[in-house]
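A.B. asks: This is the structure I have questions about; it appears just below.
The values are calculated or read from the model by the stated rules, or taken from the named source; none is laboratory data. The shown structure was predicted, so the numbers you read here are calculated from the model rather than taken from an experiment. Here the Cβ positions follow ideal geometry from the backbone for every residue, glycine too, while neighbour counts run over all protein chains shown. These accessible areas exclude ligands, DNA and RNA; they are computed on the full protein's heavy atoms, side chains included. Shrake-Rupley method; radii C 1.70, N 1.55, O 1.52, S 1.80 Å.
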Amino acid sequence: RLLAFRRMVGEDRVIRRVQELRRVSVIRQTMEQTLTQVQAGTVLGLTPRHIRRLIERVEQAGDQGPAHQGRGKPSNWRITDKRKAKGQLLCEQQYGGVGPTLAAEKLTERYGITLSDETLRRWLRAQGIDHFTRQMRPHRAWRGGNGKPMWGHSSNWMVRTMTGSRGAGPGTC
């Protein structure tokens, strides 16, 4: 669950989880010395050393201190817009009739654009292209109740093959 608050200084919004709000209130109680660091650690499920770190962050950055520092920043692992556009363009022009797995392999092999097939699938679905969904194989039907499949026969092929005998093995029909 997320809660939205307005910052006192500016108009930008700060999104916080309920867990972070709880952490801030417990850390504030620890700073006011109504709770010990060990008690705060027990309440939050953290070590006293981590509680000391959180106290320092609240003292330095205020109530936003315990929030994750990477929040709101783009991922270091993101794929650049240029590479994404080039990959999508090549898929449309060259590999429109194949699925994303083969297209991703060909993009890596021929153009040096390394992409996951799932990433490519997600991009194509976002464009409205999803003709490459896997078709389920038809379910093989069983004959009514005798436990033998329709496509098999009743002789015990495995026993004959392993023993080299032509006669039926033990327990066969």
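A.B. asks: Filtering the range 58-71 down to residues that are farther than 15 Å from E32 by Cα and in a helix (DSSP H, G or I), which residue is nearest to the chain's Cα centre (by Cα)?
C.D. replies: Q64
A.B. asks: Continuing with the same structure: List every residue pair whose Cβ atoms sit under 6 Å apart, with the two residues 6 or more apart in sequence or on different chains, where the first one lies in the range 97-108 and is assigned to a helix (DSSP H, G or I) and the second, anywhere, is open to solvent by 60 Å² or more (accessible area, probe 1.4 Å).
C.D. replies: The qualifying pairs are T108/T114.
A.B. asks: Condition (residue is within 30 Å of V26 (Cβ to Cβ), under 22 Å from the mean Cα position of the chain (by Cα) and either exposed (fewer than 15 other Cβ atoms within 10 Å of the Cβ) or modelled with pLDDT under 90 (or both)) applied to the range 79-91: is it met by at least one residue?
C.D. replies: Checked against the condition, which is being within 30 Å of V26 (Cβ to Cβ), under 22 Å from the mean Cα position of the chain (by Cα) and either exposed (fewer than 15 other Cβ atoms within 10 Å of the Cβ) or modelled with pLDDT under 90 (or both), the range 79-91 yields no hits at all.
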